[in-house]
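The values are calculated or read from the model by the stated rules, or taken from the named source; none is laboratory data. Keep in mind it's a predicted model, so treat the numbers as computed, not measured. With ideal geometry, Cβ positions are generated from the backbone for all residues, glycine too; neighbour counts draw on all protein chains shown.
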């Protein structure tokens with residue numbers, strides 16, 4: 001998740017409320033306000049029960065701030081699909097009307113907690129009701145229900161119906177393959193071969209609980225289901241190098257290490273987050289970390305190291321500034337760096353990382369980013385002609401100081417994301433590096449790499465140096481598909497993050513480059 005903005009439903013992050021720009025939004029309705037509309041603004045509620053209404057006024061659909069709407073005891077026979085605009089609704093009362101069917105669009109009112117549809121003419125409800133993941137009460141009493149909905153309602157009540165719909169609605173969604181987006185090409189530089197790189201935060205099973213991901217069908221959230229889909233997806237793009245975050249120790253040892261080798265000829269290395277060093281063996285199996293997989297027939301690993309992202313400051317600085325110990329040292333995030341060698345003695349430095357999640361700690365993410373860059377720079381000093389790839393979940397949006405530091409090579413003095421705290425020398429002097437990094441999705445309009453009910457944003461990246469040039473990257477998820485879901489994971493997409501894949505051209509050996517620009 002991100003350093004500036006994010007969502008409530010994310011693993012360790014479930015305790016904080018994270019905010020980011022929504023994936024879709026509606027423009028506010030602009031008009032001269034009537035007395036009723038002013039009252040709506042002031043109360044965030046509207047009671048139009050027992051008014052003899054036969055239809056719902058289109059004007060109501062513009063009052064997006066409504067939290068409560070009562071239209072009970074009228075003669076309404078139809079609910080317009082535009083009701084999906086009232087995304088602020090938590091209580092909707094349509095009981096005691098003449099409604100025969102409910103539009104599937106009502107399932108987009110994700111904030112609904114109470115829906116009263118009793119005493120109507122409903123024989124069924126749309127499976128899209130399964131997307132109402134915050135529902136606390138659904139009243140369907142005194143309706144001529146038929147089929148499975150009737151059976152479930154009679155035995156398990158309204159919330160049982162919601163669960164039934166949730167477990168079945170996903171099967172109705174068609175799945176469009178993500179397309180490839182091609183980068184502008186430069187034909188003036190010699191390229192001798194290609195490398196395909198992928199990065200994927202797979203959503204650790206420890207974090208994928210029904211409380212944080214209540215909008216996901218129970219069967220789709222089960223680890224046995226998800227891990228098989230993850231394996232299929234991760235091996236389907238033919239990546240030469242694959243970086244995975246949130247892989248837990250037990251799943252790596254018992255399943256992924258062997259299965260990736262069998263299915264895709266991947267050799268691999270894995271490191272846990274640093275908290276595992278203080279745990280007993282049984283607990284260690286549940287700790288997640290970072291893994292790198294590579295084609296064993298193409299590469300040989302000649303170096304590896306784990307980078308502990310909290311180890312940036314001296315003991316003197318820590319003792320003088322309590323916030324360093326409290327904010328930075330207490331984090332257990334890591335990076336994993338390896339050096340791969342292939343035929344002809346060519347080297348590729350591969351780095352995988354997963355940075356701190358909390359949006360209240362952009363300073364921590366920025367400092368973790370510095371620590372990673374310093375360690376990578378030391379490696380590149382020994383392999384100045386190597387290709388460099390840095391992958392991971394950086395939990396930082398493109399408007400963050402971390403993104404700016406990676407893409408432009410500079411962290412400006414007094415960076416806003418350091419929050420005015422003393423982190424010398426970086427607070428006053430900033431930080432620079434000469435790794436010549438670019439981001440492999442800069443030409444792709446992704447919209448998001450992580451998508452949950454309250455957040456859609458780009459926080460996962462593949463960075464590369466100037467010995468590589470992207471040919472194409474795997475594009476975004478189809479917008480129509482996204483419009484039909486609350487968030488990820490789904491049965492098609494087994495994580496709340498998307499896998500990112502880029503195919504690169506490698507510059508020829510004779511090309512020297514300028515590694516210090």
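When you scan region 218-237, do you find a residue that is in a loop (DSSP other than H, G, I, E, B) and either within 30 Å of residue 444 (Cα to Cα) or assigned by TED's automatic domain parsing to the domain that holds residue 135 (or both), even just one? Yes, the conditions are met somewhere in region 218-237. Just name the residue that is surrounded by the fewest Cβ atoms within 10 Å (Cβ to Cβ) out of those in region 494-517 that are modelled with pLDDT of 90 or more, touching a strand residue (DSSP E or B) at 6+ places or on another chain (Cβ under 9 Å) and in a loop (DSSP other than H, G, I, E, B). Step by step, filter region 494-517, then rank; the result is 495.
Can you find a residue that is surrounded by fewer than 16 Cβ atoms within 10 Å (Cβ to Cβ), under 32 Å from the mean Cα position of the chain (by Cα) and closer than 24 Å to residue 124 by Cβ anywhere in region 82-105? Yes, there is a match, as at least one residue in region 82-105 is surrounded by fewer than 16 Cβ atoms within 10 Å (Cβ to Cβ), under 32 Å from the mean Cα position of the chain (by Cα) and closer than 24 Å to residue 124 by Cβ.
For region 404-416, enumerate the residues that are in contact with a helix residue (DSSP H, G or I) (Cβ under 9 Å, 6 or more places away or on another chain) and either in a loop (DSSP other than H, G, I, E, B) or buried (at least 21 other Cβ atoms within 10 Å of the Cβ) (or both). Answer for region 404-416, where residues must be in contact with a helix residue (DSSP H, G or I) (Cβ under 9 Å, 6 or more places away or on another chain) and either in a loop (DSSP other than H, G, I, E, B) or buried (at least 21 other Cβ atoms within 10 Å of the Cβ) (or both): 405, 406, 411, 412, 413, 414, 415.
Residue-by-condition table, conditions (1) within 30 Å of residue 474 (Cα to Cα); (2) modelled with pLDDT under 95; (3) assigned by TED's automatic domain parsing to the domain that holds residue 236; (4) under 30 Å from the mean Cα position of the chain (by Cα):
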| site | (1), (2), (3), (4) |
| --- | --- |
| 108 | yes, yes, no, yes |
| 115 | no, no, no, yes |
| 122 | no, no, no, no |
| 131 | yes, yes, no, yes |
| 157 | no, no, no, no |
| 165 | no, yes, no, yes |
| 168 | yes, yes, no, yes |
| 188 | yes, yes, yes, no |
| 195 | yes, no, yes, yes |
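Let's see how each residue does on (1) within 19 Å of residue 158 (Cα to Cα); (2) in a loop (DSSP other than H, G, I, E, B); (3) without any contact (Cβ under 8 Å) to a residue 24 or more places away in the chain; (4) in contact with a strand residue (DSSP E or B) (Cβ under 7 Å, 6 or more places away or on another chain):
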residue	(1), (2), (3), (4)
59	no, no, yes, no
64	no, yes, no, no
98	no, yes, yes, no
102	yes, yes, no, no
111	yes, yes, no, no
115	yes, no, no, yes
134	yes, yes, no, no
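Considering only residues in region 296-322 that are surrounded by 13 or more Cβ atoms within 10 Å (Cβ to Cβ) and out of contact with any strand residue (DSSP E or B) (no Cβ under 8 Å at 6 or more places or on another chain), the one that is modelled with the highest pLDDT turns out to be 310. Contact annotation: residue pairs with Cβ atoms under 6 Å, 6 or more positions apart or on different chains, pairing a residue in region 31-56 that is closer than 17 Å to residue 116 by Cα with a partner that is in a helix (DSSP H, G or I) and modelled with pLDDT under 50, are 46/40. With respect to being surrounded by 15 or more Cβ atoms within 10 Å (Cβ to Cβ) and in contact with a strand residue (DSSP E or B) (Cβ under 8 Å, 6 or more places away or on another chain), residue 419 falls outside the description.
Criterion first (in contact (Cβ under 8 Å) with a residue 24 or more places away in the chain, part of a loop (DSSP other than H, G, I, E, B), within 30 Å of residue 361 (Cα to Cα) and touching a helix residue (DSSP H, G or I) at 6+ places or on another chain (Cβ under 8 Å)) does residue 489 satisfy it? Yes, satisfied. Among the residues here, residue 260 qualifies as touching a helix residue (DSSP H, G or I) at 6+ places or on another chain (Cβ under 8 Å) and part of a helix (DSSP H, G or I). Restricting 369, 345, 335, 392 to those that are crowded, with 20+ Cβ neighbours inside 10 Å, in the same structural domain as residue 464 (by TED's automatic domain parsing) and out of contact with any strand residue (DSSP E or B) (no Cβ under 7 Å at 6 or more places or on another chain) reduces the list to 369.
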